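The values are calculated or read from the model by the stated rules, or taken from the named source; none is laboratory data. Because the structure is a prediction, the values reported are computed rather than measured. Heads up, the Cβs are rebuilt from the backbone with ideal geometry, glycines too, and the neighbour counts pull from every protein chain shown.
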Amino acid sequence: MSNIPTELRYAKSHEWIRLEDDGTAYVGISEHAQDAMGDLVYVELPEVGDVFAASDETGVVESVKAASDIYAPVSGEIVAINEALADNPELVNQDCYGDGWLYRIKVTDKFELDELLSADEYSAEIDEEDED
Amino acid sequence: MPYIPHTPDDVQSMLSAIGVASIEDLFDEIPAHLKVAALDKLPDGLSEMEVTARMAARAKQDEGAVCFIGAGAYEHHIPAAVWEIATRGEYYTAYTPYQAEASQGTLQTIYEYQSMIAHLTAMDVSNASVYDGASGLAEAVLMALRANRKSKSYRVLMPTAVHPLYRRAAHDIVSNQGVSIEEVTFCQQRGITAVEALDAYAGEDYAALVIAQPNFFGSLEDVDALTDWAHSNNMLVIAVVNPTSLALLKPPGEWGEKGADIVVGEGQPLGVPLSSGGPYFGFMCCKQQHVRQMPGRIIGRTVDLDGKTGFALTLQAREQHIRRSKATSNICTNQGLAVTAATIYMSLLGADGLESVAGHCHANTNLLADKLCAIAGVKRRFSAVTFHEVVIELPKDASEVLAALAAKNILGGYSLAAGYGMSNAMLVCATEVRTVEEIEQYAAALAEVLA
């Protein structure tokens, strides 16, 4: 069973998002996603200052066998990126909800978070996927 | 792994093993209306004897004349050992030899090739080659657009002193992808791209500047000034270079303060015969920081579980079989045989040998230019220093002169009428294979034609 923290919201494209008190949010990929990718060898992140709409492509995670796009779960401006991933992309595999965060985004519209999936809804999504 | 075709008995026993009546039956899920019937518009096949005769006749068309044409493909001496080794079955018949378990020899050869080219160009990484210099330039343009994240304009600057066919190939490949190529004209007097002419573009958003060294006219550009100008205007530098010249000239990795970002060029001079136009190969190199945007195969060196050195494809997440439509290119192979020959050529000549070839080419072309310009009315068209080609201006139409020379079995040069509207000018080249006698015969013939 995949670890899916209940306090986070999830996109169907397997990103998680955690809203902070200051109106910014951390974004990463779920355990299901990092497990499917295999050992990451490279993470292409957006640049600080980049502005995205929800579901825009914001970067790429790359393993030996695959490369997957990372999508913005909500609209906003990038205020920080996880520089540690440049030399240690495996942090995403080791601690995808903590040290393996990808970027921090200033959320334009908090209500967009309501359109994302809860932990239960995301769990149901990936169960369906596994059945295919 | 040798290739041994199946006999009808082999086929029959395999079909029996899987319980299928015929090979056709294995395709029965394809709807009948989609299957190709007879190809009526194709003529009947020819026998090996007929094909051989036909190809021999074609090859004869290009034989017999003494060649003073460069313009992107150069006649160099190829030591016999090069193709003696390259045509060995292990190299010659290898098909897409990227499977690490079965192709360590080929993979090592390609790795050595990459190492030599990276060293020659003073760049960090080389790929396993692309199809040719011209398409390599197109790939470099697309790569620069991906790599230069500061640029949003989808435009590049392209001097018209770059080979006309390279510019056309680049345009044909990139223009359908929304990329625009803006041309910068050369200084008419010097035959190079003046840095002052670039001032009109300063502060504008272009992803890259292309710099050819030598340029199409054989002239040497001020690569340091051009490189620094591009970098100070947030443009990447794409260098288009001649590999023989790199034995003498400053390599692109050392241009200006920071060096070129992407390097491409035609590898034909390195042991590949003219062959009536191909196959040739394009080399492509870049700085380490851009490697993930570089197309083409890349062979890496690593160790296996027992700690023994081995070679394998690396950084495959750039390529089609993983990235599909987002891959760095639709190219998923390399010019393996040509690259093998080039690697052997470079190994045999070594740095000293390559320098000697380059020096002789430079000297021979200067001798040719001097002899031709001693004829009344004939002169060098541009003032800049040249490597092994020079533009000669004639007192009459160059195409007529070249036709008259061809009738005397001398391929005198390449007319600049089509590419530049310079109808009295021709680009001439004398490599190390041209003798003093041949050069003197050319001068004598030209004097006769112009008399």
Practice task
Might you check whether a residue that is β-branched (Val, Ile, Thr), over 17 Å from the mean Cα position of the chain (by Cα) and in a loop (DSSP other than H, G, I, E, B) occurs anywhere in the stretch B:223-230?
Solution key: no
Handout entry: Conditions (1) out of contact with any Ser or Thr (no Cβ under 9 Å at 6 or more places or on another chain); (2) within 14 Å of another protein chain (Cβ to nearest Cβ); (3) of a type outside the set (Val, Ile, Thr): number failed by B:Arg146
Key = (1)
Completion exercise
For the stretch B:183-209, the count of residues that are of a type in the set (A, V, I, L, M, F, W, C), in a strand (DSSP E or B) and under 30 Å from B:Lys379 (Cβ atoms) equals 1
Fill in the blank from the handout: Only unsatisfied item for B:Cys332, checking (1) touching a helix residue (DSSP H, G or I) at 6+ places or on another chain (Cβ under 9 Å); (2) in a helix (DSSP H, G or I); (3) more than 14 Å from chain A (Cβ to nearest Cβ); (4) not polar (S, T, N, Q), is (2)
Handout entry: Selection from the stretch B:110-130 of residues that are polar (S, T, N, Q) and surrounded by fewer than 19 Cβ atoms within 10 Å (Cβ to Cβ)
Key = B:Ser115
Problem - Any hit, the stretch B:88-99, residues being part of a helix (DSSP H, G or I) and within 20 Å of B:Ala212 (Cα to Cα) - result: no
Exercise for the section: For B:His76, work out the one condition from (1) part of a loop (DSSP other than H, G, I, E, B); (2) farther than 26 Å from B:Val210 by Cβ; (3) at pLDDT 95 or above it doesn't fulfil. Expected result: (2)
Exercise for the section: For B:Val390, state whether it is surrounded by 22 or more Cβ atoms within 10 Å (Cβ to Cβ), assigned to a strand (DSSP E or B) and either at pLDDT below 95 or of a type in the set (A, V, I, L, M, F, W, C) (or both). Expected result: yes
Exercise for the section: Output the residue which, of all residues in the stretch A:4-46 that are among the β-branched types (Val, Ile, Thr) and assigned to a loop (DSSP other than H, G, I, E, B), is nearest to B:Gln293 (Cα to Cα). Expected result: A:Ile4
Handout entry: The listed residue being in contact with a strand residue (DSSP E or B) (Cβ under 7 Å, 6 or more places away or on another chain), outside any strand (DSSP E or B) and either at the interface with chain B (Cβ under 10 Å from one of its Cβ atoms) or under 26 Å from B:His290 (Cβ atoms) (or both), out of A:Gly59, A:Gly49
Key = A:Gly49
Practice task
Report whether or not B:Lys60 is among the basic types (Lys, Arg) and farther than 30 Å from B:Pro243 by Cα.
Solution key: no
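Yes or no, residue by residue, for (1) more than 13 Å from A:Val27 (Cβ to Cβ); (2) out of contact with any His (no Cβ under 7 Å at 6 or more places or on another chain); (3) within 14 Å of chain B (Cβ to nearest Cβ):
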{"residue": "A:Ala66", "(1), (2), (3)": "yes, yes, yes"}
{"residue": "A:Ile70", "(1), (2), (3)": "no, yes, yes"}
{"residue": "A:Pro73", "(1), (2), (3)": "no, yes, no"}
{"residue": "A:Trp101", "(1), (2), (3)": "no, yes, no"}
{"residue": "A:Ile105", "(1), (2), (3)": "no, yes, no"}
{"residue": "A:Lys110", "(1), (2), (3)": "yes, yes, no"}
{"residue": "A:Leu113", "(1), (2), (3)": "no, yes, no"}
{"residue": "A:Leu116", "(1), (2), (3)": "no, yes, no"}
Problem - Selection within the stretch B:370-387 - under 23 Å from B:Glu432 (Cα atoms) and surrounded by fewer than 16 Cβ atoms within 10 Å (Cβ to Cβ) - result: B:Asp370, B:Ala374, B:Lys379, B:Val385
Practice task
Please give the number of the condition B:Leu367 fails out of (1) within 25 Å of A:Glu57 (Cβ to Cβ); (2) surrounded by fewer than 20 Cβ atoms within 10 Å (Cβ to Cβ); (3) among the aliphatic types (A, V, I, L, M).
Solution key: (1)
Handout entry: Answer from B:Thr386, B:Thr302 - the residue that is in the same structural domain as B:Asn127 (by TED's automatic domain parsing) and on the phi < 0 side of the Ramachandran plot
Key = B:Thr302
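Let's see how each residue does on (1) over 30 Å from B:Gly218 (Cα atoms); (2) surrounded by 10 or more Cβ atoms within 10 Å (Cβ to Cβ); (3) of a type outside the set (A, V, I, L, M); (4) in contact (Cβ under 8 Å) with a residue 24 or more places away in the chain:
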{"site": "B:Asp44", "(1), (2), (3), (4)": "yes, no, yes, no"}
{"site": "B:Thr52", "(1), (2), (3), (4)": "yes, yes, yes, no"}
{"site": "B:Phe68", "(1), (2), (3), (4)": "no, yes, yes, yes"}
{"site": "B:His76", "(1), (2), (3), (4)": "no, yes, yes, yes"}
Problem - Sole exception among (1) part of a strand (DSSP E or B); (2) away from every other protein chain (no Cβ under 14 Å); (3) surrounded by fewer than 19 Cβ atoms within 10 Å (Cβ to Cβ) for A:Ala54, by number - result: (1)
Practice task
Answer yes or no: is there a residue in the stretch B:362-379 that is among the polar types (S, T, N, Q) and in contact with a Gly (Cβ under 6 Å, 6 or more places away or on another chain).
Solution key: no
